[in-house]
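The values are calculated or read from the model by the stated rules, or taken from the named source; none is laboratory data. This structure is a prediction, so every number in the text was calculated from the model and none was measured. Positions of Cβ are backbone-derived with ideal geometry, glycine not excepted, and every protein chain shown enters the neighbour counts.
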Amino acid sequence: MNDRYKHLLRKSRDAKRGEHDAWAVQSTGEKLAVALVLNRFDWLEEIQHTIAEAIERSGPEWVAVIPQVARQLTEEVKTMQTTTAHRIRLVFGTTAAIVLLLAVVGTDIGRNALAWVYLQSADAIANATHIHGFPLDRFDPTCPQCI
């Protein structure tokens, strides 16, 4: 990342977080570039510039990094949304598991159901004829069929 990219990314983040107030204190060149990054053409109109004038005033070096900064900001938003959604699902899943556990263990019916499942599973494993023991001393880690 070059210095222009870092500078424009920082100014764009500030303006995105602080909205108009953070944008208004920037220099005119920064305002133009940030307005282009954030697609805020109303901000350009406010300082009486068109898109073409903003591009011309920014210059080719700054215009070259505008798409990269815009993509970076978009990715950051997507990442934050994904992280937030993941945390919400995690909290709801944990809460549901605790409630289910309390409902199952906290009642006679739940305890009896768990005992029945355990006994049925143990009985099925004990009476299974298709489960054969596999001696581990015959296991060869170099054999492709054994892995």
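Of all residues in segment 26-51, which are assigned to a loop (DSSP other than H, G, I, E, B) and either in contact with a Pro (Cβ under 6 Å, 6 or more places away or on another chain) or closer than 16 Å to Asp14 by Cβ (or both)?
Gln26, Ser27, Leu38, Arg40
Looking at Ala70, Ala85, Ala97, Ala54, can you tell me which residue is part of a helix (DSSP H, G or I), surrounded by 11 or more Cβ atoms within 10 Å (Cβ to Cβ), without any contact (Cβ under 8 Å) to a residue 24 or more places away in the chain and of a type in the set (Gly, Ala, Ser)?
Checking each option against the conditions leaves just Ala54.
Among the residues of segment 107-117, are any small (Gly, Ala, Ser), at pLDDT below 65 and out of contact with any Gly (no Cβ under 8 Å at 6 or more places or on another chain)?
no
Show the residue pairs meeting these rules: Cβ distance below 9 Å; 6+ apart or different chains; first residue within segment 1-26 and within 15 Å of Ile47 (Cα to Cα) and without any contact (Cβ under 8 Å) to a residue 24 or more places away in the chain; second residue among the β-branched types (Val, Ile, Thr) and part of a helix (DSSP H, G or I).
Close Cβ pairs satisfying both conditions: Trp23/Val34; Gln26/Val34.
Provide a single number: the residues in segment 27-51 that are without any contact (Cβ under 8 Å) to a residue 12 or more places away in the chain and either hydrophobic (A, V, I, L, M, F, W, C) or surrounded by 14 or more Cβ atoms within 10 Å (Cβ to Cβ) (or both).
2
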